[in-house]
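So the structure is just underneath, and the comments pick up after that.
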Amino acid sequence: MGLAVREVFSFWTGHPYDFELWARTGYWVAHGANPYGIVEAAPGLSFVDNIGAGGNPTIAYLPFWPLLLAGLYTLYSLIGSPSPFVYYFLLKQPIIIADVLVGYFLFKYLEQRGSDKSSFVLKAWLFSPFNIILSGIWGMFDGVAALFLVFALVARPGAYRGIWAGLSTFAKSIPVIYAIPLSAGPRPLRNLVLAIGVPTVATLAIVWAAGWSFSIVGTTLQSTLAKGGLSMSLWEIAFYLNNVGLLSNSQLLALTSADYVWIGAVLVATVLGYRWFGFDTERGVIQSMLLITLAFLLLRGQVNEQYAVYLFVLMLIDVAMWSPQRVRLFYASLSLVVMMTVTNAVLLIRFLSPIYPNAQNLEGSIISAINVERNALLFLEAMAFCALNIYYLYSLLKERGQRAPDVIPR
């Protein structure tokens, strides 16, 4: 049922920027183009003509995703290129399947450890409106990285966990923040080398083999480290004050020059996680990763809705294994992310772009009529999400030093 409800939306919905970019990238990479340069419209496949500030954007992910998209376009060509909607359906498949498998493997992880909430977690994941929107409608692929992250948690500490952690980062770079706690165990330095080395070596090898410019790739990837804009983090305070005229552009620029602070925050959270919880038990690793995630979500310059996927994976394990009292916190966080998605995307109208070319114009006309109220609501939702994350940090702080022996998987 979880798979079916996603597939119902798969072929006729999509984000007019992200999913359009996937459609373009698959076509052009399959035709030998560099996805880290300008990605123009794909003939006969694009459903939006003008996206991004300059009209022609670039992809900003490691090569795993553009290569997978190129493979899906090649498959589309092999079956005769029957319709753009078939292409959109194929593009959604790894996203949807990975999302569903995250729920399944969370269920298996918890069931093997005797949790009586494994079924709850499975249902919560499969029928979460946020997950359905993100994978089945939006077409955002964080579920792929999350699946590899769950595989890392399922694996025994050691080399295999390091490899899965590396593959998670290769799929989407955000999970690199978990490299250190996931490297704990026998020969931790080797595991850390694997967690960092797998995505690094794979990226360099693919860029070299494809003949793409290393400088263009490096500049594009580096630009994502300090990206700012509409955010679910504490930085939204500065962006909102600038939006209402209480903070000048020069003052905002001066503030956002400190966007890299999140990197230091993640490193500090990693050290505190080790000192407070340790990396030698499953609970210690999960709580340390939660601490790191919360620091990332609170202090990164731009935190989009999809970043909550990593929080919810870890939160559900925490709720099911050790902290059932936090189930209301999970529901509250989930509700706020869904609310912000619906507010930001104005009742999800933009996701109709593949079948309704006027969707963005309709959304734009609605935004122009309620822009002040919409921005205020987005700000309030972001601050409420931050407040919940700060509360979660506080609850973890109170639990520091508590150690629980691992449950041997059945």
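No lab work stands behind these numbers, since they all come straight from the coordinates. All figures in this text were calculated on a predicted structure; none of them were measured in a lab. Cβ placement follows ideal geometry from the backbone for every residue including glycine, while neighbour counts extend to all protein chains displayed.
Extending 7 Å from Cα along the Cβ direction at Phe127 and again at Tyr260 yields two label points whose distance is 4.8 nm. Going by the alpha-carbon gyration tensor, a ≥ b ≥ c the square roots of its eigenvalues, is the stretch 61-175 rounded (a/c under 1.5) or, if a/c is not under 1.5, prolate (a/b greater than b/c) versus oblate? Since a/c reaches 1.5 but b/c is at least a/b, the shape of the stretch 61-175 is classed as oblate. Hydrophobic, long helices, defined as DSSP H runs whose alpha-carbon span along the helix axis is 24 Å or greater and whose mean Kyte-Doolittle value is at least -1.0, occur in the chain at 84-112, 188-210, 282-299, 327-344, 359-398.
If a/c stays under 1.5 just call it rounded; otherwise compare a/b with b/c (prolate if a/b is bigger, oblate if not). Do that for the stretch 353-407, with a ≥ b ≥ c from the square roots of the Cα gyration tensor eigenvalues. Since a/c reaches 1.5 but b/c is at least a/b, the shape of the stretch 353-407 is classed as oblate. Considering the dipole of the chain built from charges on the beta carbon (Lys and Arg +1, Asp and Glu -1) around the Cα centre, which of Ala171, Trp138, Tyr394 is farthest to its positive end? About the Cα centre, the residue reaching furthest to the positive side is Tyr394.
Using a Gaussian network model of the chain whose springs link C-alpha atoms within less than 10 Å, name the residue from Phe351, Phe85, Phe141 with the highest mean-square fluctuation. Ranking Phe351, Phe85, Phe141 by mean-square fluctuation puts Phe85 first.
What is the Cα centroid distance between the stretch 134-179 and the stretch 394-408, reported in whole angstrom? The distance from the Cα centre of the stretch 134-179 to that of the stretch 394-408 comes to 24 Å.
How high is the relative contact order of the stretch 207-306? Use alpha-carbon pairs under 8 Å, at least six apart in sequence, and give a whole percent. It would help to have the intermediate numbers written out before the result.
Details: 107 pairs, mean separation 37.0, N = 100.
Relative contact order, the stretch 207-306: 37 percent.
With the helix formula -39500 (n - 2.57) applied to DSSP H stretches of n ≥ 4, the chain reaches a computed 222 nm mean residue ellipticity of -20500 deg cm²/dmol.
Between the listed residues Val39, Gly245, Tyr331, the Cα displaced farthest toward the positive end of the dipole of the chain, a dipole computed from Cβ unit charges relative to the Cα centre, is found at Tyr331.
Among the lysines of the stretch 2-398, pairs at least eight places apart or on separate chains and with Cα atoms under 30 Å apart come to 14.
Counting every other Cβ atom within 10 Å of each residue's Cβ, Trp22, Trp65 order from fewest to most as Trp65, Trp22. How high is the relative contact order of the chain, in percent, counting Cα pairs under 8 Å that sit 6 or more residues apart? With pairs under 8 Å counted, the relative contact order is 18 percent. Would you please classify the overall shape of the stretch 95-250 from the alpha carbon gyration tensor, given that a ≥ b ≥ c denote the square roots of the eigenvalues, rounded means a/c under 1.5, and beyond that prolate means a/b larger than b/c while oblate covers the rest? Oblate, since a/c reaches 1.5 and b/c is not below a/b.
Computed about the Cα centre, the dipole magnitude for the chain is approximately 1140 debye when only Lys and Arg (+1) and Asp and Glu (-1) carry charge, each at its Cβ. Between Ala4, Gly185, Asn361, whose Cα lies farthest towards the positive end of the dipole of the chain when Lys and Arg beta carbons carry +1 and Asp and Glu beta carbons carry -1, centred on the Cα centre? Result: Gly185, furthest along the dipole toward the positive end. Just so you know, the averaged projected area of the alpha carbon convex hull for the chain sits at 19.8 nm².
Springs between alpha-carbon pairs under 10 angstrom, Gaussian network model over the chain: which of Leu311, Leu69, Leu267 fluctuates most? Of the options given, Leu267 has the highest mean-square fluctuation.
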